[in-house]
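As structure tokens, the structure follows; a few thoughts come after it.
The values are calculated or read from the model by the stated rules, or taken from the named source; none is laboratory data. Every value quoted in this text rests on a predicted model; they were computed, and no experiment measured them. No Cβ is skipped: glycine too gets one built from the backbone with ideal geometry, and neighbour counts run over all protein chains shown. Side chains are part of the model used for accessible areas, which takes the heavy atoms of the whole protein and leaves out ligands, DNA and RNA. Shrake-Rupley method; radii C 1.70, N 1.55, O 1.52, S 1.80 Å.
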Amino acid sequence: MTPAHLDPDVFSAFLDRTRWFGGKGRPYAVNDVRTIGVLPGGPPLVVVHLVEVTYADEENGTELYQVPLVFYEDPEHRLDHAFVGWWEDPDHGWQHAYDAVHDRDAMALWQRAFAAASADGDDGDLVFRRLPGHELDLDATSTLFSGEQSNSSVAFGEDALMKVFRKVTPGVNPDIAVHEVLTRAGSEHVAALYGWLEAPLGGRGDDVLQLAMLQQFLRTASDGWDLALASVRTLYADPEVHAHDSGGDFAGESTRLGEALHEVHQTLREHFPTETRPASEAAELAATMTGRLDAALGVVPELKEHAASLRAAFAAVSKLDGLEVQQVHGDLHLGQTLRTSHGWKIVDFEGEPAKPLAERQLPDSTWRDVAGMLRSFDYAARVVQRSLSTSDADAELIDTRAQEWSERNKNHFLYAYTGGGLSPEDRVLLDAYVADKAVYETVYETRNRPSWVTIPLQAVARIGAA
């Protein structure tokens with residue numbers, strides 16, 4: 001039950017102003033606000049709250065959001081942009097409340113708590129856990145990243161990066177679980193995990209609520225999506241030149257990225273459970289993909305002319321003898337990769353955000369990750385193409401180069417990932433996952449960016465022509 005001094009309307013108004021709240025535009029109500037715990041080491045006073053949101057349409061049920069607040073007796077005008085409200089606290093009197101991630105003094109409490117933590121953590125409402133091997137720089141000051149959409153990320157100088165999970169679900173967050181395993185295994189393809197924050201839930205069925213993770217800050221890293229777009233722009237600047245002769249040829253990077261994903265999958269296979277599912281599960285997967293196609297046909301009429309070829313791709317999965325599944329990334333694309341001077345890093349192992357946590361924790365086929373990357377290469381070529389203003393003759397040549405760039409990089413990535421070839425069974429699965437992803441993209445673009453729907457539709461048409 002919400003304490004009397006915590007007004008749900010105040011928290012609702014705050015949620016509506018944030019980037020990371022997933023309920024904007026939908027009818028909802030804040031029906032509970034409760035305190036999880038108080039950070040040690042204050043002042044300032046920092047209290048972590050859990051806000052429960054219920055949606056009127058009931059389709060999305062209930063969601064929990066983490067809202068850490070820093071309190072000051074007097075107004076802190078340097079934090080006016082992060083002001084949440086002011087009220088009389090029964091223990092601390094009248095307080096002005098601010099979103100804590102904007103306050104360097106508040107963030108220093110997280111930093112010191114992580115530095116003092118052990119692998120086992122301490123008893124309490126908030127438990128900080130650490131992995132050995134890195135000494136935190138306690139002199140580093142915090143900087144909040146402004147572009148984050150679903151969480152809040154705070155850099156501590158050039159030393160560490162803390163991701164504060166905003167939408168939280170009881171249970172183990174796969175982003176923490178996977179990073180812990182890969183860090184302990186010495187993987188070179190992730191930012192090392194330094195620690196995480198969790199709140200025990202006592203007698204509830206799920207025993208923990210994981211609130212934040214602290215990891216290596218890859219300060220000089222370049223975003224994989226941005227690098228791919230730069231390569232495409234270089235190619236289009238002189239479309240008479242073929243992709244393999246372009247000064248910005250990306251094929252070498254695609255090769256290294258394929259090798260990196262292969263090594264990550266191999267490490268995950270060694271440290272997480274694997275499973276060989278029976279033929280019935282392959283048939284169920286095919287039926288699920290077909291069901292998504294049926295639903296998409298009602299949203300994207302242009303899919304109808306390709307429905308038969310898509311159904312054939314999914315039906316081929318139902319004839320497989322079984323499925324190999326393991327821990328995977330679950331939402332992989334170029335935007336989930338970073339290029340450093342030491343090679344490629346893969347980030348954000350939370351899985352597909354729209355899926356429930358319990359589903360994101362399940363093992364899956366590695367071909368889902370591969371398909372996500374292949375579709376991302378195609379998007380990179382087509383997004384830049386859309387931004388150009390060209391004559392009809394140039395447009396035809398650019399279209400040729402777009403296809404050329406996409407196929408070249410997909411082939412180099414796939415060859416490196418597989419080590420040289422695909423078995424017929426793997427080809428069936430990969431083709432089906434690519435088709436399923438493209439169908440999903442047509443629905444997403446139709447609903448959110450209608451002018452972009454031609455990008456996945458072109459991919460669907462090529463599936464039909466194959």
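Brief remarks follow.
- Additional length obtainable on full extension of the chain from His242 to Thr340, 0.36 nm per residue less Cα span: 32.6 nm
- Dividing the convex hull volume of the alpha-carbon atoms in the chain by its residue count gives 167 Å³ per residue.
- 10 Å Cβ shell holding at most 15 others, DSSP loop, trypsin sites (Lys or Arg not before Pro): longest site-free stretch of the chain: 25-203
- Share of carbon and sulfur in the accessible heavy-atom surface of the chain [1.4 Å probe, %]: 49
- The modelled label-to-label distance between Ala395 and Ala29, using points 7 Å beyond Cα along the C-beta direction, is 5.2 nm.
- Arg277-Arg184 FRET efficiency (beta carbon distance; Förster radius 45 Å; 0.05 resolution): 0.95
- Normalised alpha carbon radius of gyration of the stretch 318-375 [divisor 2.2 N^0.38 Å]: 1.27
- Kirkwood Rh, angstrom, the stretch 270-333 [1 / mean 1/r, Cα pairs]: 13.4
- The residues of the stretch 8-138 present an accessible area of 49 Å² per residue when probed at 1.4 Å with all protein chains retained.
- Reachable lysines, given that their alpha-carbon falls under 21 Å from the alpha-carbon of Lys24 and they are not under 8 places away in the same chain: Lys167, Lys355
- Over the stretch 337-466, relative contact order from alpha-carbon pairs under 8 Å, at least 6 apart, %: 24
- Measuring between their Cα centroids, the stretch 1-49 and the stretch 417-466 lie 40 Å from each other.
- By the rule of a C-alpha distance below 21 Å, with chain neighbours fewer than 8 residues away ignored, the lysines paired with Lys345 are Lys163, Lys410.
- Mean Cα-pair separation over length for the chain, i.e. relative contact order, pairs under 8 Å, 6 or more apart, %: 12
- Solvent exposure of the stretch 271-401 as accessible area per residue, Å², 1.4 Å probe: 46
- Sorted largest first by accessible area at a 1.4 angstrom probe radius, with every protein chain in place, the residues Leu268, Leu397 fall in the order Leu397, Leu268.
- Within the stretch 150-212, GluC sites (Glu not before Pro) in DSSP loop having at most 16 other beta-carbon neighbours inside 10 Å: Glu158, Glu188
- Cα long-axis angle, helix 174-184 against the chain (0 to 90 degrees, to the nearest 10): 80
- Computed lengthening from Val38 to Ala295, 0.36 nm per intervening residue step minus Cα-Cα distance: 87.9 nm
- Overall Cα dimensions of the stretch 1-118 - principal axes, largest extent first, Å: 43, 35, 27
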